[in-house]
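S.K.: This is the structure, below, for whatever I ask next.
What follows is calculated from the coordinates using simple rules that are stated; it is not laboratory data. Since we're looking at a predicted model, the values are computed, not measured. Reconstructed Cβ throughout: ideal geometry from the backbone, glycine too, with neighbour counts over all protein chains shown.
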Amino acid sequence: MNSSQWVDLSNHFSNQNIKAIFSFKSFSTEGDLGRKSLAIASGFNPNSLIIPKQTHSTNIKFISGSGTVLDTDGIFSTNPEMVCSIQVADCMPVYFSHKSESIFGLVHVGWRGLVNGILAQSAKRIKEKDFSLLDYDILIGPSIQKCCFEVSDDVVDQFESGFVEEKEAGKYQINLQEMAIFELKKLGFMKQNILSLNECTYCNYEKYHSYRRNGKKAGRMIGLLGYNLNSFSYILTPLSKF
């Protein structure tokens, strides 16, 4: 099911129980209440949300209960009653779902997280749970694309050279999505199980927020990932704190 305010991405995953949601610019997702509203609109239990406080770190955590998780940019869970969430405004929302088992995760991958190894940390956490990386579907959601992601001489050396294209003297365009796919494949995930939607958040002004386009005034899109449990009426309660 899709709406004019969010999209259901669940059909990109082999696991028929998985539900993956991504909001558009038209959906108000301010604060924790915005995430709860999106959860309700898309059929999730808003009281089951796991909400990481993102810091562009490489910290990845497995969480079994709802609430706020400090200094974390990737959330995984083996509890089908939980709902992972992240916020993005150009960075890559990366959805992970095991093809058959109840293990799933959402990772906020900005360029800093990418070059500092957040995907490697994600793979490490999965293997610590004794799951094979070969059994995962991965979806890279809407994010800033090569056409609009430009860096200067001061940081270009941090990126794999094969994904860098010189635009003009001292200015370079980076293909973050292809770099992420290359990294995931190198870590042991199957390339045929990885999909990038290749929608540019910067280009699509009407559809998406973009930090590079609008700066500190930019809003955020929300990604949600969890199990498609039987829907019922939910009573909003305060989120617990970790």
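S.K.: Rg and Dmax of segment 1-151, using alpha carbons, in Å: what are they?
M.R.: That works out to 14.6, 41 Å for Rg and Dmax.
S.K.: Please compute the length gained on full extension between Lys191 and Val156, using 0.36 nm multiplied by the number of residues separating them and subtracting their Cα-Cα distance. Before the final figure, lay out the partial values.
M.R.: Values: separation 35, 0.36 × 35 = 12.60 nm, distance 2.56 nm.
Extra length available between Lys191 and Val156 comes to 10.0 nm.
S.K.: Using Cβ contacts closer than 10 Å as the measure, can you line up Ile118, Ile140 from fewest to most?
M.R.: Ile140, Ile118
S.K.: Moving on to the next point. If R₀ is 51 angstrom, what is the calculated FRET efficiency for the pair Lys53 and Glu168, using the beta carbon separation as r and rounding to 0.05? Intermediate results must be reported in sequence, preceding the final value.
M.R.: Working: r = 38 Å, r/R0 = 0.74.
In this case the efficiency is close to 0.85.
S.K.: For Asn116 and Ser100, calculate 0.36 nm times their separation in residues minus their Cα-Cα distance, and state this gained length in nm to one decimal. Display every interim value, and only then the final one.
M.R.: Numbers: separation 16, 0.36 × 16 = 5.76 nm, distance 3.01 nm.
Extending this stretch completely gives an extra 2.8 nm.
S.K.: Now for a separate question. Can you tell me the equivalent ellipsoid semi-axes for segment 101-177? Use √(5λ) from the Cα gyration tensor, largest first, whole Å.
M.R.: Values: eigenvalues 182, 33, 17 Å².
Equivalent-ellipsoid dimensions as semi-axes: 30, 13, 9 Å.
S.K.: Mean residue ellipticity at 222 nm from the helices of the chain, using -39,500 (n - 2.57) per DSSP H segment of n ≥ 4 over the full residue count, to the nearest 500 deg cm²/dmol?
M.R.: Numbers: 6 runs with 48 residues, N = 242.
Taking each H run of at least 4 residues, the total per residue is -5500 deg cm²/dmol.
S.K.: With the crude spin-label approximation of a point 7 Å out along Cα→Cβ, what separation in nm comes out for Phe131 versus Lys217?
M.R.: 4.1
S.K.: Here's another thing I want to ask about it. Return P(r) of segment 136-188 (all Cα-Cα pairs; 5 Å bins starting at 0; whole %; ordered from short to long distances).
M.R.: Going from the shortest bin to the longest, the percentages are 4, 19, 28, 22, 14, 8, 3, 1, 0.
S.K.: Please give the Cα centre distance for segment 64-108 versus segment 145-170, rounded to the nearest Å.
M.R.: Comparing the Cα centres of segment 64-108 and segment 145-170, I get a distance of 29 Å.
S.K.: Dividing the convex hull volume of the Cα atoms of segment 126-224 by its residue count, what figure in Å³ per residue is obtained?
M.R.: On the way: hull volume 13.9 nm³, N = 99.
About 141 Å³ per residue, rounded to a whole number.
S.K.: About the Cα centre, and with charges only on the beta carbon of Lys, Arg (+1) and Asp, Glu (-1), how big is the dipole of the chain? Nearest 20 debye, please.
M.R.: Details: 25 positive and 24 negative charges, 108 e Å.
Computed charge dipole of the chain: roughly 520 debye.
S.K.: Just how large is the dipole of segment 28-166 about the Cα centre, in debye to the nearest 20, putting +1 at every Lys and Arg Cβ and -1 at every Asp and Glu Cβ? Don't skip to the end; give the middle numbers.
M.R.: On the way: 11 positive and 18 negative charges, 137 e Å.
Dipole size: approximately 660 debye.
S.K.: What does the charge count near Ser152 come to, summing +1 for each Lys or Arg and -1 for each Asp or Glu among other residues with Cβ under 12 Å from its Cβ? If you can, show how the numbers build up before the last one.
M.R.: Numbers: positive: Lys167, Lys171; negative: Glu150, Asp153, Asp154, Asp157, Glu166, Glu168.
Residues near Ser152 contribute -4 overall.
S.K.: Compute the Cα gyration tensor for segment 24-93, then decide on rounded, prolate or oblate, letting a ≥ b ≥ c be the square roots of its eigenvalues: rounded whenever a/c is under 1.5, prolate when a/b is larger than b/c in the other cases, and oblate in all that remain.
M.R.: Because a/c hits 1.5 or more and a/b fails to exceed b/c, segment 24-93 counts as oblate.
S.K.: What is the sum of charges, Lys and Arg at +1 and Asp and Glu at -1, for the other residues whose Cβ falls under 10 Å from the Cβ of Pro142? Could you put the intermediate results ahead of the total?
M.R.: On the way: positive: Lys207; negative: Asp90, Glu199.
Net local charge, Pro142 excluded: -1.
S.K.: Just for segment 1-110, what percent of DSSP beta bridges are antiparallel, to the closest 5?
M.R.: Working: 13 of 21 bridges.
The antiparallel fraction comes to roughly 60 percent.
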